[in-house]
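Worksheet: one structure, shown below.
The values are calculated or read from the model by the stated rules, or taken from the named source; none is laboratory data. Everything numeric in this text was worked out from a predicted model, so none of it was measured. Positions of Cβ are backbone-derived with ideal geometry, glycine not excepted, and every protein chain shown enters the neighbour counts. Accessible surface areas use protein heavy atoms only, side chains included; no ligands, DNA or RNA. Shrake-Rupley method; radii C 1.70, N 1.55, O 1.52, S 1.80 Å.
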Amino acid sequence: MRALIQRVKKGSVQVDGEIISKINQGIVLFIGIENNDDNIDIDWICKKVSQLRIFNDENNVMNKSLIDIDGDILVISQFTLHALTKKGNRPSYIRAAKSEYAKKIYNEFLELLKQKTNKDPFSGLFGADMLVKIENDGPVTIFMDSKNKSF
């Protein structure tokens, strides 16, 4: 499972010209699911995202987590995080999970994130063509891969 975390002042997602989710201060999280992702991957990413200290404290030091600031989170499924670009100019998405399995894992991810943060995550519409608007704060953007925890 891959995650791209962006600290934001606000974010929103539109489908067919209609805003379906929007947040204020918090995280916009793009999540890429692959075929062998399971509960271990879900738990690791959820724990890291909810506890990652990327928000400023009173001394303007990144020392607070999403939970500490009671921030919002907007989760968007994005299979393109698994793009392979080594050969040619057309990315391959062979590592990305098929839609049915990815949707199952995505929904499990949202449920565990709710438990870890004690608040409902906002989300995009799985599989839809979405317009995501982000006001990245910092900018702070962090990439994680549950199969390569050394990042």
Taking the range 41-59 on its own, how many of its residues are open to solvent by 70 Å² or more (accessible area, probe 1.4 Å) and either over 15 Å from Thr141 (Cα atoms) or touching a Leu at 6+ places or on another chain (Cβ under 9 Å) (or both)?
4
Restricting to the range 105-151, name every residue that is assigned to a helix (DSSP H, G or I) and of a type in the set (A, V, I, L, M).
Ile105, Leu110, Leu112, Leu113
Search result, residues across the range 78-92 that are part of a strand (DSSP E or B) and open to solvent by less than 30 Å² (accessible area, probe 1.4 Å):
none
What do you reckon, is Ala102 touching a residue at least 24 places away in the same chain (Cβ under 8 Å) and in a loop (DSSP other than H, G, I, E, B)?
no
Kindly list the number of the only condition in (1) surrounded by 17 or more Cβ atoms within 10 Å (Cβ to Cβ); (2) under 15 Å from Gln6 (Cβ atoms) that fails for Met62.
(1)
Long-range neighbours under 6 Å by Cβ, at least six apart or interchain, first residue on the phi > 0 side of the Ramachandran plot within the range 21-46, second not polar (S, T, N, Q):
Gly26/Gly71; Gly26/Asp72; Gly26/Ile73
Any residue at all in the range 131-150 that's over 16 Å from the mean Cα position of the chain (by Cα), within 25 Å of Leu52 (Cα to Cα) and of a type in the set (Ser, Thr, Tyr)?
yes
